[in-house]
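Only the coordinates and a few stated rules stand behind these numbers; no lab work does. Because the structure is a prediction, the values reported are computed rather than measured. So basically every Cβ, Gly included, is an ideal-geometry build from the backbone, and we count neighbours across all protein chains shown.
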Amino acid sequence: MRPDLNALIGREGRYSNNPNDTGGETMWGITKAVAREYGYLGEMRSMPRLVAEQIYLGQYWIKPRFSDVALVSEAIAEELFDAGVNMSPAKSSEFLQIALNAFNKQARLYQDISEDGAIGSVTIAVLKKFLMFRGKEGEQVMLTALNCLQGARYIEISRHRAANEDFVYGWLLNRVGV
């Protein structure tokens, strides 16, 4: 399974250089800093969509192991991917770990895991256990929890940086679905 890059890029848009955006100059949702890290040295306005897709797959899907999550739950992996693009793969991974710990019934279903923002074999194993106990309903509840944590994060960062108020409505409109 691959993430839905068409939907993602549709939300991210084309070229942007909003002075209130800490990401600075972006194309297809890829910041100039990330593009440079990946090796793209051209003008951001001219960055081919294919370059953005390669960055998304490598840096935001495979590297944070959302591709491994997809083998357990495509819906959860897609949610982690979308949130990870917008606020970092580590943050969306941390959200998954926080929710898994909150849903373990005081460690009666499975042990607490580290909330380190890095998905590894332990997080994957615990996600499998969670879904084994909770089934399809659990998947939906997990998606709700991930969206709640993401939405709360958007509100929180807008409280601490007034310029983010320019974006928080759109983030909630386009990124948080419950």
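Between L50 and K105, what is the FRET efficiency for a Förster distance of 45 Å, r being their Cβ-Cβ separation, to the nearest 0.05? It comes out at approximately 0.45. Exposure proxy ranking for M47, M87, based on other Cβ atoms within 10 angstrom of each Cβ and starting from the fewest, stands as M87, M47.
Each 5 Å bin from zero up to the one holding the largest Cα-Cα distance in the range 1-63 carries the following percent of pairs: 4, 19, 31, 26, 16, 4, 1, 0. Note on the chain: GNM, Cα springs under 10 Å; of S92, S114, S46, the largest mean-square fluctuation is that of S46.
Taken over the Cα atoms of the chain, the convex hull encloses 111 Å³ per residue. Ellipticity at 222 nm from helices only: DSSP H runs of n ≥ 4 in the chain, each -39500 (n - 2.57), divided by the residue count, give -19500 deg cm²/dmol.
When the GluC sites (Glu not before Pro) in the range 33-75 are filtered for DSSP coil states and for at most 15 other beta-carbon atoms within 10 Å of their beta-carbon, the remaining sites are E43.
Of the trypsin sites (Lys or Arg not before Pro) found in the range 36-136, those that fall in a DSSP loop while having at most 15 other beta-carbon atoms within 10 Å are K105, R108.
As a calculated quantity, the FRET efficiency between N17 and A125 at R0 = 35 Å, using C-beta atoms, amounts to about 0.25.
The spacing between the range 21-60 and the range 119-137, judged by their C-alpha centroids, is 33 Å. A Förster distance of 30 Å, applied to the separation of the beta-carbon atoms of R159 and K136, puts the FRET efficiency at 0.25.
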